[in-house]
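Structure first, commentary second.
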Amino acid sequence: MSPLLDIRGVSVRFGGLAAVSDLALALGQGEIHALIGPNGAGKSTVINCISGFQPLSAGEMRLGDERLGQLTPVTAARKGIARTFQTPQLFGRLSVADNVRVASRSGRTGLFDGGELIELVGLAGLQARAAESLAYGQQRLLEVARALACAPRLLLLDEPAAGLAADDIARLARLLRRIAGELGLGILLVEHNVGLVKRLCDQATVMHHGLVIASGSPAAVLSDPAVVTAYLGAQASPSQARPC
Ligand SMILES: Nc1ncnc2c1ncn2[C@@H]1O[C@H](COP(=O)(O)OP(=O)(O)OP(=O)(O)O)[C@@H](O)[C@H]1O
Ligand SMILES: [Mg+2]
């Protein structure tokens, strides 16, 4: 069976900078796949490519049996690809409930009812609050709820746990495991929290300066000498990067 997402030979150049070089990555249905690496490694650029925000310089991507070609954000969303952003991109003046409602009106049937999603991500009681009034970590959780309201096949999360307290991280991890397991979503998770990656993810790909330097199980890649060296070069070992 084809993987849900199959990326081959993908490169992105910004002028003279190779932000992503010859990336290969496969992600199965129901799999949670971590994309990790030091700052500037190219992780967000990969998410931007898959979600149609960044054209590829080379390579191809397939979603199931379909070749994706050059995507736009709209065509990516129509194919069932939803994402969150490293810096939350919400409708600041709209309420929490309306931010989710807008997404679930985009033509696909929601996975859960909007109110249920808000509760599942841990924002119960905040439905009427303006998104811009939420704490930064809560804005990230609202982005996760909004992405899920699109009923995606593939969910791309760019550092969703940054700025969250431990109990919010644990709730988010349970939710991601549930939607991957019960609904068969594939999840690509960019995350610096090594404890979360080890607990939650089935596979991991590590990037450094745009190149994949390791891929495999989280435990194996995080003890790979090339990965340890890459993080030490960035002044922290993976286990010290952001403890859970
Ligand atoms: N639109 C752009 N124009 C020019 N350079 C860019 C652009 N977007 C990213 N870059 C550069 O590409 C490289 C990869 O950036 P990217 O944001 O993908 O890294 P990252 O792994 O997500 O890092 P971080 O962990 O800090 O979020 C960096 O050197 C960055 O400065
Ligand atoms: Mg990034």
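The values are calculated or read from the model by the stated rules, or taken from the named source; none is laboratory data. This structure is a prediction, so every number in the text was calculated from the model and none was measured. With ideal geometry, Cβ positions are generated from the backbone for all residues, glycine too; neighbour counts draw on all protein chains shown. SASA here: full protein model, heavy atoms, side chains in, ligands and nucleic acids out. Shrake-Rupley method; radii C 1.70, N 1.55, O 1.52, S 1.80 Å.
Under the condition of being within 16 Å of ligand 2 (Cβ to nearest atom) and touching a Ser or Thr at 6+ places or on another chain (Cβ under 9 Å), which residue from segment 143-187 is nearest to Val121 (Cα to Cα)? Ranking the candidates gives Glu143 first. Taken over segment 200-240, the criterion of being among the charged types (D, E, K, R) and modelled with pLDDT of 95 or more is satisfied by Asp202 alone. Here Phe112 passes the criteria (1) buried (at least 17 other Cβ atoms within 10 Å of the Cβ); (2) under 25 Å from Ile7 (Cβ atoms) except the one numbered (2).
Residues that are assigned to a strand (DSSP E or B) and basic (Lys, Arg) within segment 168-217 are absent altogether.
A quick yes/no check of all residues on (1) of a type in the set (A, V, I, L, M); (2) over 30 Å from Ala128 (Cβ atoms):
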{"site": "Leu25", "(1), (2)": "yes, yes"}
{"site": "Gly42", "(1), (2)": "no, yes"}
{"site": "Ile50", "(1), (2)": "yes, yes"}
{"site": "Pro55", "(1), (2)": "no, yes"}
{"site": "Leu63", "(1), (2)": "yes, yes"}
{"site": "Val96", "(1), (2)": "yes, no"}
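For segment 188-204, enumerate the residues that are within 14 Å of ligand 2 (Cβ to nearest atom) and closer than 19 Å to Ile7 by Cβ. Selection gives Leu188, Leu189, Val190, Glu191. If I filter segment 78-97 for residues that are open to solvent by less than 40 Å² (accessible area, probe 1.4 Å) and over 28 Å from Leu141 (Cα atoms), do I get at least one hit? Checked segment 78-97: no residue is open to solvent by less than 40 Å² (accessible area, probe 1.4 Å) and over 28 Å from Leu141 (Cα atoms).
Residues checked against (1) of a type in the set (Gly, Ala, Ser); (2) assigned by TED's automatic domain parsing to the domain that holds Lys198; (3) under 17 Å from His33 (Cα atoms):
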position	(1), (2), (3)
Gly125	yes, no, no
Ala128	yes, no, no
Leu134	no, no, no
Gln138	no, no, no
Leu141	no, no, no
Ala166	yes, yes, no
Leu175	no, yes, yes
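Quick check: anything in segment 8-24 more than 7 Å from ligand 1 (Cβ to nearest atom), of a type in the set (A, V, I, L, M), open to solvent by less than 10 Å² (accessible area, probe 1.4 Å) and under 25 Å from Ala173 (Cβ atoms)? The answer is no; no qualifying residue exists. Quick one: which of Glu182, Glu191, Glu143, Glu159 is of a type in the set (D, E, K, R) and open to solvent by 60 Å² or more (accessible area, probe 1.4 Å)? Answer to the check: Glu182.
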